[in-house]
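Structure first, commentary second.
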Amino acid sequence: MPFEFHINILDTIFKGLVIGILASAPMGPVGILCVQRTLNKGRWYGFVTGLGATASDLFYALVTGVGMSFVMDLVSNAQNRFFLQITGSIMLLIFGIISFRSNPTKNMHHSGLTKGTYLHNGVTAFLVTLSNPLIILLFMAIFAQLAFIIPGHPVEMCIGYLSIVGGALLWWYGLTWLIDKLKNIFEDYGIVLINKIIGSVVIVFSLIVLFGTVFNLFTIHY
C-alpha cells in the first residue's frame, strides 16, 4: 500500500504539471499580454502577469474538478469512462487546431510606458483570464484525457492542484526568460510561430491519447 500510494502521488504530480503547462501555453489574450509586458516593461512584469493568470486558472480548475467529481461519481462504468476520455481527446484536438490556425497578433496592442505596480499587473491579468470562462472546457478535456479526477482521494487531489500551479509557473517562467533573451529579435512572427508550435504539440498529444483510448476500447469489446 505505501508503495502504491507513492506511485499514485508521482502520477498525480506529473499529470498536474502537464495540465498546468497545457492550460497556460496557448497564446490567448493573457499570453499576448505577458509577451507585451515582458518586451515593454521587463521580464518580471511579464512573470507577474503569468502569476495572475495562474490564480484564475486554479480557480477554474477547482470549479471544473468539483463538477467532474460529481459526474465521475455517477459514471462508474469503465466503458462510459472511455467515452468520456474520447470526448475530451476530440475537444482538445479541436482546441489545438484552432490554436494552430489562429493569429494571436491580429488584435495585439503595444503597452505604453507606464509600468504600474507588480500588484496591478497581476490583478489585471487575473481579471482578463477570469473573464474567459470557456477555459473550463479546456480543463474538462484535459481532465478527462488524463483521468485526473480521483474521487475520494483528497490528499492526491490537493497535490494535483498544486502541481497544476507548478506547471503553469514553469511555463510562465520559461516563456518570460526566452522572450527576455530574444527580445531584440522578437517580432510578431515569433509570437505566431510559438502559437503554431503549441498548437502542433496539443494536436499530436490529443491524437496519441485518442488512438490509445480507442485501442483500449476495442480491446475491451474483444
Conditions (1) open to solvent by 20 Å² or more (accessible area, probe 1.4 Å); (2) modelled with pLDDT of 75 or more; number of the one not met by Asn103: (2)
Search result, residues across the range 26-46 that are modelled with pLDDT of 80 or more and surrounded by fewer than 23 Cβ atoms within 10 Å (Cβ to Cβ): Lys41, Gly42, Arg43, Trp44
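Criterion first (modelled with pLDDT under 75, open to solvent by less than 70 Å² (accessible area, probe 1.4 Å) and of a type in the set (Ser, Thr, Tyr)) does Thr213 satisfy it? It would help to see each step written out before you state the result.
Working: modelled with pLDDT under 75: yes; open to solvent by less than 70 Å² (accessible area, probe 1.4 Å): yes; of a type in the set (Ser, Thr, Tyr): yes.
Criteria met by Thr213.
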Qualifying positions in the range 29-68 - more than 19 Å from the chain's Cα centre (by Cα) and assigned to a helix (DSSP H, G or I): Gln36, Arg37, Thr38, Leu39, Asn40, Arg43, Trp44, Tyr45
Residue tally, condition more than 13 Å from the chain's Cα centre (by Cα), assigned to a helix (DSSP H, G or I) and surrounded by fewer than 22 Cβ atoms within 10 Å (Cβ to Cβ), over the range 129-162: 8
All positions within the range 36-67 that are among the basic types (Lys, Arg) and in contact with a helix residue (DSSP H, G or I) (Cβ under 6 Å, 6 or more places away or on another chain): Arg37, Arg43
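The values are calculated or read from the model by the stated rules, or taken from the named source; none is laboratory data. If you're wondering where the values come from, they're calculated on a predicted model, not measured in any experiment. Cβ: placed from backbone, ideal geometry, glycine included. Neighbour counts: every protein chain shown. The protein model used for the area step is the full one, side chains on, heavy atoms only, and it has no ligands, DNA or RNA in it. Shrake-Rupley method; radii C 1.70, N 1.55, O 1.52, S 1.80 Å.
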